[in-house]
Each structure stands twice: as structure tokens, then as C-alpha cells.
Amino acid sequence: MKATETKLKGCFILEPEIFEDERGYFFESYNHRDFCEAIGREVNFVQDNQSFSKKGVLRGLHFQKGEHAQAKLVSVLQGIIQDVVVDLRKNSPTFGEHLSIELNSENKKQLFVPRGFAHGFLTLSESARVLYKCDNYYNKEAEGGIRFDCQELNLKWLIGPDNLLLSKKDNNLPNYLSTLT
């Protein structure tokens with residue numbers, strides 16, 4: 001597995017070694033020892049989440065607060081997504097900065113998102129199945145979010161706002177990063 005740290009400290013793009021032949025392909029999608037060695041720290045995942053989304057569905061930007069914060073390992077099982085993370089760590093030199101990356105089922109890249117980040121994704125293909133591992137259990141009282149068109153973030157989504165499908169909850173998230181500080 002190849003691990004590349006992004007401009008956001010602690011956030012990694014992971015690329016598995018894929019073995020392909022005329023029968024198809026094989027790769028190790030997760031190996032605890034190799035994963036922890038690649039990112040340089042111990043992470044113990046306790047929950048897997050999976051979603052199915054149609055083209056134009058935007059989920060996020062979500063995070064868990066305080067002791068319920070979650071690190072995530074995001075993978076795409078089918079389709080193509082634009083994955084976006086925002087550094088919400090107040091003492092981080094990259095606080096408020098974001099990363100946007102395309103993840104898809106063809107290249108099998110994964111994104112490791114450490115605790116203290118907001119996360120969201122937009123489905124670019126006709127549909128997408130996304131799997132993400134979490135290192136902490138979901139807690140409804142600790143959930144938070146930032147609206148997808150937060151003016152302070154100036155995110156560049158790959159589908160225009162008139163063609164996005166959002167949940168009522170996501171449409172009503174706060175529109176300013178400064179509300180989190």
C-alpha cells in the first residue's frame with residue numbers, strides 16, 4: 001500500500017497494490033498492521049458505514065464533536081465521488097482549509113480522514129456505493145455540520161448547485177465556519 005500525506009496534516013491518500021489478470025482483480029482493502037504503519041499511528045476502527053447514492057447526491061459536510069469525534073477511512077465500492085474534507089482542528093496550521101479528491105471504484109484509492117475534520121461527498125456517476133470505517137461510534141447528540149456552500153470555504157463542487165440533491169438536514173446546516181469557533 002502506498003500512503004501519501006496530503007496538505008492537511010494527518011490526512012492520507014492510500015493506494016492499494018492491485019493484482020489483475022484475465023479473471024479480474026484482487027487487492028487487500030484493509031490490513032490493520034499495514035494501515036497503521038503507513039499513516040504512522042495506531043487507529044482502531046469500530047464501525048463500518050455504507051451508503052448508496054444517486055448522481056448529484058451531496059452528503060455533508062458532517063462531523064462528530066468532542067470525545068465522539070471520528071477518524072474515517074473512505075472507500076468507493078462502485079461509482080465515482082468527489083470527496084471533500086475540511087480541517088476543523090482549531091490549533092492546526094491548516095484550520096479551515098479543505099481537500100477535494102475524486103475517489104472511484106476503478107483506481108480503488110482510499111482517503112484517511114483524521115479526527116477533527118468535516119467530511120462530505122458528491123456522487124458524480126449515475127450511482128455510487130461508499131464504505132467508510134470509523135474509529136468511534138456515532139453519537140446523535142455530538143453530530144455537527146457545515147453547509148455545502150459555506151462562503152468561507154469557497155468549495156468548488158463538480159456539479160452545479162441547481163443539480164444537487166441534499167437531505168433536509170444537510171440543507172439546513174450552518175453556512176459559516178466561524179460558527180464552529
**OP:** Compute log10 of I(q)/I(0) for the chain with the Debye formula, placing one identical point scatterer on every Cα and leaving out solvent, at q = 0.13, 0.17, 0.20 Å⁻¹, to two decimals.
**Re:** -0.64, -1.12, -1.55
Original post:
Magnitude of the Cβ-charge dipole of the chain, K/R +1 and D/E -1, about the Cα centre, nearest 20 debye?
Top reply: 580 debye
**OP:** May I ask you to list the trypsin sites (Lys or Arg not before Pro) in region 80-117 that are in a DSSP loop and have at most 10 other Cβ atoms within 10 Å of their Cβ?
**Re:** 90
Original post:
What's the longest piece of the chain with no exposed GluC sites (Glu not before Pro), counting a site as exposed if DSSP puts it in a loop and it has at most 14 other beta carbons within 10 Å?
Top reply: 43-96
Original post:
Given 0.36 nm per residue, what is the gain on full extension from residue 5 to residue 21 after removing their alpha carbon distance, in nm?
Top reply: 2.8 nm
**OP:** Could you list, in their original order, any pairs among 9/54; 9/140; 72/169 whose Cα atoms are separated by more than 23 Å?
**Re:** 9/54; 9/140
**OP:** Could you give me the radius of gyration and the Dmax of region 27-79, taking only the C-alpha atoms into account and expressing both in angstrom?
**Re:** 13.8, 36
**OP:** Would you be so kind as to identify which of 6, 176, 103 lies farthest towards the positive end of the dipole of the chain, taking Lys and Arg as +1 and Asp and Glu as -1 on Cβ and the Cα centre as origin?
**Re:** 176
Original post:
Could you give the nm distance between label points at residue 51 and residue 139, where each point is 7 Å from its Cα heading toward the beta carbon?
Top reply: 2.2 nm
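No lab work stands behind these numbers, since they all come straight from the coordinates. All of these numbers come straight from a predicted model, not from anything done at the bench. Positions of Cβ are backbone-derived with ideal geometry, glycine not excepted, and every protein chain shown enters the neighbour counts.
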